[in-house]
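Right, one structure below, let's go through it.
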Amino acid sequence: MPSDASELAQRLARDAEAVCRHYLSNGRRQGRYWLIGDVRNTPGRSMFVRLNRSNKGAAGKWTDAATGEHGDLLDIIRESCGLVDFHDVAEEARRFLMLPRSELRQSRGAARRLVQGGSQEAAIRLFAMSRPIAGTLAETYLRKRGISAVHHGGALRFHPRCYYRPNDEAALETWPALIARVSDLSGRTTGVHRTWLDPDVFDCANLGKAPIDTPRRAMGHLLGNAVRFGGVDDVLVAGEGIETILSLRCVLPTLPMAAALSANHLAALLLPPSLRRLYIARDDDPAGELALATLTERSLAAGVEAVALSPRLGDFNEDLRSLGVNELRGALWRQLAPQDVARFLSLAAIERG
């Protein structure tokens, strides 16, 4: 991979449009230029980036007519990502350049592979390119759903401009996204789950999800695997959605949990060999009932005790938002095995609630 600034800039300039689509996603192409408000990805038309070499300058060079600022694609990466040290800028540029060219081109076939299907390798790259959720829109989104203490153990990250295409014919879009790592029983990353978010999360009626057709999608190898929170010993809670599991972790932060991402995947979840008791956090709908029945049967056949955890409303996130953490804690206290109450649930907290 290129190491010095000039070589990095030259390599980026070969795919100048792809760089602009990724880091200046609020702009658009017009002729031989990419138009945008400024280098920090503000919508507008005062800044223009040359996409092809011409007698007026090299590809990747840009000028902001409103401020007189100018630079190259490394400057775009620095400013749009809010980076300070050149080391961090170079690392981000190298990560971008490591993506295969087929994934950077905006052709229909490549975009479909990148944003709709997606391999395990692409999932690993996406998670590596994402950032911790602290102080990001992802943390705001979770707090809006009542999840104020996020005990995620590094399974969750945030990407400010994650690709999204609603269908083969639609234009490629970018939205901020909560990125969740899917892993197998050995802890190996097998995929990711993306929840695209609305930047106007406080005003969004859809609880912070982006106003798009399918704001949740997964990529990679999912069957039998899950988004995992905590290392499993002999007890595990398994459920469908990430928000459902995080709601339970607001009350049971030390109890290992797994989000299978759908009812069908919950039914097919692979069980750790050390497992002795499995709590199944069901959703209150027909698909949730079927997943509960199937996973219970599989657990008992493997010699694992299966215990259903039932929400009062549609799911445990709805319980958390509507009833509050103390009511949720009391409801779980009545459903857990006595030894697990003493082990994982604070009785003092129940009495204070």
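Under 5 Å from the amide H of GLY44 lie the amide H atoms of GLY37, each residue being 5 or more positions distant or on a separate chain, with H modelled from the backbone and absent for Pro and chain starts. For the range 130-220, the square roots of the Cα gyration tensor eigenvalues, ordered a ≥ b ≥ c, give a/c of at least 1.5 with a/b no greater than b/c, which places it in the oblate category.
Projected onto its three principal axes, the C-alpha set of the chain covers 77, 39, 38 Å, listed from the longest axis down.
Placing unit charges on the Cβ atoms of the charged side chains and taking the dipole of the chain about its Cα centre, the candidate lying farthest along the positive direction among HIS265, GLY27, GLY71 is GLY71. Give me a comma-separated list of calculated 3J(HN,Hα) values for the range 308-323, in order, Karplus coefficients 6.51, -1.76, 1.60 applied at θ = phi - 60°, integers in Hz, x for any Gly or Pro. Result, ordered by residue: 7, 10, 10, x, 6, 10, x, 7, 6, 5, 5, 4, 4, 6, 8, 9 Hz. First check a/c for the range 200-349, with a ≥ b ≥ c the square roots of the eigenvalues of its C-alpha gyration tensor; if it is under 1.5, answer rounded, and if not, answer prolate when a/b is larger than b/c or oblate otherwise. Here the range 200-349 falls in the oblate category. Look at the dipole of the chain built from charges on Cβ: of ALA218, ALA90, PHE229, the Cα furthest out on the positive end belongs to ALA90.
Assigning unit charges at the beta carbon (Lys, Arg +1; Asp, Glu -1) and nothing else, what dipole magnitude in debye, to the nearest 20, does the range 130-220 show about its Cα centre? Before the final figure, lay out the partial values.
Working: 13 positive and 9 negative charges, 83 e Å.
Value, rounded to 20: 400 debye.
When only the Cβ of Lys, Arg, Asp and Glu is charged (+1, +1, -1, -1), the dipole of the chain relative to its Cα centre reaches about 900 debye. Simple point charges give the picture: +1 on the Cβ of Lys and Arg, -1 on the Cβ of Asp and Glu, and for the range 5-98 a dipole about the Cα centre of about 580 debye.
Coupling constants for the range 146-154 follow from the phi torsions by the Karplus curve (6.51 cos²θ - 1.76 cosθ + 1.60, θ = phi - 60°), and in residue order they are x, 9, 8, 10, 8, 9, 9, x, x Hz; glycine and proline get x.
Coordinate-derived values only; no laboratory data. Model, not experiment: these values are computed from the prediction. Please note: Cβ atoms are built from the backbone with ideal geometry, for glycine as well, and neighbour counts cover all protein chains shown.
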